[in-house]
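Here's the structure we're looking at; comments come further down.
The values are calculated or read from the model by the stated rules, or taken from the named source; none is laboratory data. Fair warning: this is a prediction, and the values are worked out from it, not measured in the lab. Methodologically, a virtual Cβ is constructed for each residue, glycine included, from the backbone with ideal geometry; neighbour enumeration extends over all protein chains shown. Protein only, heavy atoms only, side chains kept; ligands, DNA and RNA dropped before computing areas. Shrake-Rupley method; radii C 1.70, N 1.55, O 1.52, S 1.80 Å.
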Amino acid sequence: MSDEQRDTGTGWPQPAEPRRPSGPAGKPDPRPGAPDPDELSPLVPPAQEPARQEPPAQEPPSPPAEEAETQRIEAEPAPAEVDPERPEPVDPERVAVAPVPAGRRWTSAGVMITVLLALLGFTLVVQFKTTSTDPTLAATRQEDLVRIFSDLDSREKRLQQDIEALEESQRQLRSGEQGRQAALDEARRRADELGILAGTLPARGPGLSVEFRPGAGKPIRADRILDAVQELRGAGAEAMQISGSGGSPVRIIASTYFLDGPGGSLVVDGRSLSGPFTITVIGDPKTMETALKIPGGVAASVAGDGGTVNVDERGVAEVSALHAPMKLEHARPVS
């Protein structure tokens, strides 16, 4: 292609099509062996033959620069009038997305750490609930829970009163003029308390009368009586005695023992008692009754054996049975 053709945009010249040979005035060629004018030129390939490889398509001739500029100006639409009150539409393709800061991107390590922390917190919560839940209290009725709370509240009040009494005694002992008299009074009071606990002095006060009746063919066992004594002591019992259907009562102290006797009898400190048995106890009636009737306690155990436990509250209960003092063989008081 010449420079003139490139500048003017005329492109390549069109090739001449093959023409059929003909004689003068369109008559057939008189030469021997001349081709038939109706046949195609041997230069044109037959239709059955595969098409020859076409040369690469040439770029269409570009129009002259002036004509192209004129066409571009005519093709451009007239600018529309801009309404100042109407906002210009936003092209979504031109809206730039703000890049996410590097510190806010979640990585695989960050996700793994978050999952592990969540699992650790869940494990700690489950362990705390498991260890802090008491299966016995969880199955207890609301009325029984109220009794237990009342028992604990009564114990707390009693211990608080004991603390206040001891602090008052300490203040009196440390005072100047009343020190000696206060010491004597405190000694007498302590002696009376120890005498009641040891069973050498009688006692009276508010308390309970607890009766144990055996069931048909199954006597009250000694371990049931021992459990009742332990429950009463834990509820604040200060003095106790046990009696049977016949014979004198027996004072219950720290060294008292219980054994099963023949024929459903009970042996207490070597003395035989026959049923039914009655324990007279001095202390807070409400607290001690709650301790005996707690679920799974003494009353429930005796009922499981076929027996019954009858609790009677008394405004004034008397514990008159005495325990013989122990003879000391080696110990002597120090003055």
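Taking the square root of 5 times each eigenvalue of the Cα gyration tensor, what semi-axes in Å does the equivalent ellipsoid of region 241-332 have, largest first? Show your work: numbers first, answer last.
Numbers: eigenvalues 133, 69, 36 Å².
Each semi-axis is the square root of five times an eigenvalue, giving 26, 19, 13 Å.
Over region 174-316, what lengths in whole Å, largest first, do the semi-axes of the equivalent ellipsoid take, defined as the square roots of 5 times the eigenvalues of the alpha-carbon gyration tensor?
34, 17, 11
Please give, to one decimal in nm, the separation of the simple spin-label points placed at I253 and N310, each 7 Å out from Cα toward the Cβ.
Label at I253, label at N310, 3.1 nm between them.
Net charge around G263, counting only other residues with Cβ within less than 15 Å of its Cβ (Lys, Arg = +1; Asp, Glu = -1)?
+1
Out of every Cα-Cα pair in region 183-255, what percent are more than 16 Å apart?
More than 16 Å apart: 60 percent of the Cα pairs in region 183-255.
For a Förster distance of 22 Å, can you work out the FRET efficiency between the beta-carbons of A324 and D223, rounded to the nearest 0.05?
E between A324 and D223, to the nearest 0.05, is 0.25.
Check the straight Cα-Cα distances from K157 and name the lysines below 19 Å, setting aside those fewer than 8 residues away within the same chain.
Cα-Cα hits under 19 Å: K286.
Can you pull out the trypsin sites (Lys or Arg not before Pro) in region 260-335 that DSSP calls coil and that have at most 13 other Cβ atoms within 10 Å? Don't jump to the answer; show the numbers that get you there.
Values: sites: R271, K286, K293, R314, K327; in loops: K293, K327.
The qualifying sites are K327.
Run the simple label-point estimate for S150 and M112 please: 7 Å along Cα→C-beta, distance reported in nm.
6.1 nm
Can you sort V309, V268, V316 by solvent-accessible area, 1.4 Å probe, largest first?
Accessible-area ranking of V309, V268, V316, largest first: V316, V309, V268.
Sticking with the crude label model, points 7 Å out along Cα→Cβ, report the distance from S274 to L166 in nm, one decimal please.
4.7 nm
Write out the GluC sites (Glu not before Pro) in region 251-332 meeting two conditions: DSSP loop, and at most 10 other Cβ atoms within 10 Å of their Cβ.
Hits after loop and neighbour filter: E329.
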